[in-house]
1. Are any of the pairs LYS380/LYS463; LYS398/LYS463; LYS105/LYS511; LYS431/LYS511; LYS160/LYS298; LYS160/LYS380 more than 22 Å apart by Cα-Cα distance, and if so, which?
2. Sketch the reach of a paramagnetic label on THR42 as a point 7 Å from Cα along Cα-to-Cβ, and name the residues of segment 50-81 whose backbone nitrogen lies under 13 Å away.
3. What is the Cα centroid distance between segment 94-171 and segment 427-495, reported in whole angstrom?
4. Can you tell me the length gained on complete extension of the stretch THR185 to LEU499, counting 0.36 nm per residue apart and subtracting the Cα distance?
5. Largest first and to the nearest Å, give the Cα extent of the chain along each principal axis.
6. Roughly how many nanometres apart are two label points built 7 Å out from the Cα toward the Cβ at ARG331 and SER130?
7. How much accessible area per residue does segment 318-461 have, counting only protein heavy atoms and a probe of 1.4 Å, in square angstrom?
8. Which value, in debye to the nearest 20, describes the size of the charge dipole of segment 380-506 about its Cα centre when Lys and Arg Cβ atoms bear +1, Asp and Glu Cβ atoms bear -1, and nothing else is charged?
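The values are calculated or read from the model by the stated rules, or taken from the named source; none is laboratory data. Keep in mind the model is a prediction, meaning the values are calculated, not measured. Methodologically, a virtual Cβ is constructed for each residue, glycine included, from the backbone with ideal geometry; neighbour enumeration extends over all protein chains shown. These area figures cover heavy atoms from the full protein model, side chains too; ligands, DNA and RNA do not enter into them. Shrake-Rupley method; radii C 1.70, N 1.55, O 1.52, S 1.80 Å.
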Amino acid sequence: MAMNSSGRRTAPVSASNDETHTVSGSRGLLQREDLIFEFGSTKETGVDLPEPGGKPDRLGGVSRSRDVELPGLSEPETVRHYVRLSQRNYAIDLGLFPLGSCTMKHNPRLNERMARLPGFADVHPMQPQSTAQGALELIDQLASWLTTLTGMPAVAMSPKAGAHGELCGMLAIRKALEARGELDTRRRVLVPASAHGTNPATAIQCGFTVDEIGADARGRVDMAELREKLTDGADVAGIMLTNPNTCGLFETDIREIADLIHDAGGYFYCDGANFNAIMGRVRPGDLGIDAMHINLHKTFSTPHGGGGPGSGPTVLSEALAPFTPVPFIVRDEDGTFHLVEEDREEAEQSFGRMTAFHGQMGMFVRALSYMLSHGADGLKQAAEDAVLNANYIQARLKSVMTPAFDGYCMHEALFSDAFAADDIETIDIAKALIDEGYHPMTMYFPLVVHGAMLIEPTETESKAELDRFCEALESVAQRAASGDPSMKAAPMLAPIRRLDETRAARKPILKWTPPEPEAIAAE
Ligand SMILES: *Cc1c(COP(=O)(O)O)cnc(C)c1O
């Protein structure tokens, strides 16, 4: 097979089992799609422009000496290229997205409408504050919903994703330890083995060391191990715990965990990515939590994936509130709003600044729009329905798949691969599901469960859709249990078959390099 210099196929390939394309390179009504550089000739242009000529060069000797070398395509060719690419994507607007630990939920169009209102969409971060009072009020109102829902006194609005919120919370903890004069001695952060990878990464980034705590047979923090790790706890900075945890389970000992960590002199960071399961029912402030990020893009809708956008406001307890990063918004006596931008006076103890400006305005609008349209009772119901839907899936599938733990789950159902025949792997199950018309669930995460499959349906799926999804998964699970070898070749029906995902992640080819002209290559 011919490859170009970037390692991509340059000629159509035959339709054998392990090849990606059919002879024509197309499949069903989906056409084979090359890179725009591969089929758009740089020697042509899609528009006819007159030769400039006759104008003096005012570029001071830095004018381009070579062609721009952009592919020249007509408008319909360009539109078709991008529409064909968009058809290769699976999207929440096409079907159920069962990814666990991600909350890919329906994004109400109302939110999008609100975010595009010119007063919000066109606001500039360097505009005089007197001209952006509405935007500041919106951020302030959203902040007040977040502190009310979490029962926490303060919130930092600027973090731009969950991981960034973790950084914010851990920097606040760092600053608090510094204020106590204990930063040098308190270096150890406890992190459960089931944690999302961003948790240990954040702790390390903040200069702490990570001490892993195992899970017990119920999928929760092993309390005996925790107590043991805290017996000599003078070096403990805190704990980073997710609740509900990444096994989709509520950490029932959370109050005791908070007491233990506080008694040891540490702080309690909670990863709030799964807040969707408990909003309106549980206030993290009542559980003894000191800092928690909220992924607005998970819990309060907003299209996300592919790296953005995100927004991770971080709520802080009384103990950490003085260290809140700047900028933050203050409402004055006369009802106007102003931004505290410098870490002095009222923000004297602030740990500093996390972003250039105030955070993700478009996402603030979407989140508040989501909250206002649901109301307090609607948010509570969204959480309850998310939990109900996940338990429905767990109950329906438990006869053909193996639930990782006994009992009810929260907003996501976790299965192990124990039900599958020996030579069928989790990845085969995921790929076979693609042929059934569904995006696979989260696989191999959390790491504490063998061959993990984590399914999060969210609250917006109907029973009929859940049934369709379960039927598809049931048939795949039965094939897996019987060791059906054809699963190894799945997906059969996708335009691209099995990719070398490890190589793609480790050696991504991010830049197209033009193939060498044949004459030179032949020499
Ligand atoms: C998504 C997620 C994160 C990271 O959030 P981002 O917004 O992707 O940075 C952290 N922890 C858990 C449990 C998550 O699910």
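1. Result: LYS105/LYS511; LYS431/LYS511; LYS160/LYS380 exceed 22 Å.
2. Of the residues in segment 50-81, 65-72 have backbone N under 13 Å from the label point off THR42.
3. If you average the Cα positions of each part, the centres end up 33 Å apart.
4. Values: separation 314, 0.36 × 314 = 113.04 nm, distance 4.74 nm.
Fully extending the segment from THR185 to LEU499 adds 108.3 nm.
5. Sorted from largest, the Cα extents of the chain read 74, 73, 47 Å.
6. Distance between the two pseudo-spin positions: 2.2 nm.
7. It amounts to 43 Å² per residue over segment 318-461.
8. 280 debye
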